[in-house]
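Scroll down for the structure; my scribbles are underneath it.
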């Protein structure tokens, strides 16, 4: 398989992983009630509960969730298409960018929004 095509496959696989599990990362970080995309997604998210802090990824049109999602995909694209040889290590790094970069984005958004403050 040609290197450019293989890099595209790596990105597609990493992006599929991110897309399938992104909402689960939301719940893991914020404990907000989001669940699998095919099992209700944000139906049980705390954004539907008055009087409590609302998940910063889901609130206000989910802007910060969308930004975080695209930052993760951008980092995966950067890893996938970085110059050099193509191997399992590149695929593993692209996949690992999801929890690492996504988690970092979630923590930064949570802190900036005051989600965990008293």
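P(r) for the chain, please, calculated from all Cα pair distances in 10 Å bins and given in %.
Bins of 10 Å from zero give 14, 41, 27, 14, 4, 0 percent of pairs.
Residue 104 to residue 60: FRET efficiency via 1/(1 + (r/R0)^6), r the Cβ-Cβ distance, R0 35 Å, to the nearest 0.05?
Working: r = 21 Å, r/R0 = 0.59.
With R0 = 35 Å, the Cβ-Cβ based efficiency is 0.95.
Sorting 18, 35, 49 on the 10 Å Cβ count, fewest up front, what's the list? Before the final figure, lay out each step's value.
Numbers: 18 22, 35 17, 49 12.
Least crowded to most crowded, the residues run 49, 35, 18.
Suppose only helical runs count, i.e. DSSP H with n ≥ 4. What mean residue ellipticity at 222 nm does that imply for the chain under -39500 (n - 2.57) per run, divided by all residues and rounded to the nearest 500 deg cm²/dmol? Could you put the intermediate results ahead of the total?
Details: 3 runs with 73 residues, N = 118.
Calculated from helices alone, the mean residue ellipticity at 222 nm is -22000 deg cm²/dmol.
Roughly how many Å is it from the Cα centre of the stretch 1-55 to that of the stretch 84-105, as a whole number?
Here the answer is 16 Å between Cα centres.
Taken together, the values in this text are just the output of simple stated rules run on the coordinates, not laboratory data. Predicted model only: the values in this text are computed from it and were never measured. Backbone-built Cβ (ideal geometry, glycine too); neighbour counts: all protein chains shown.
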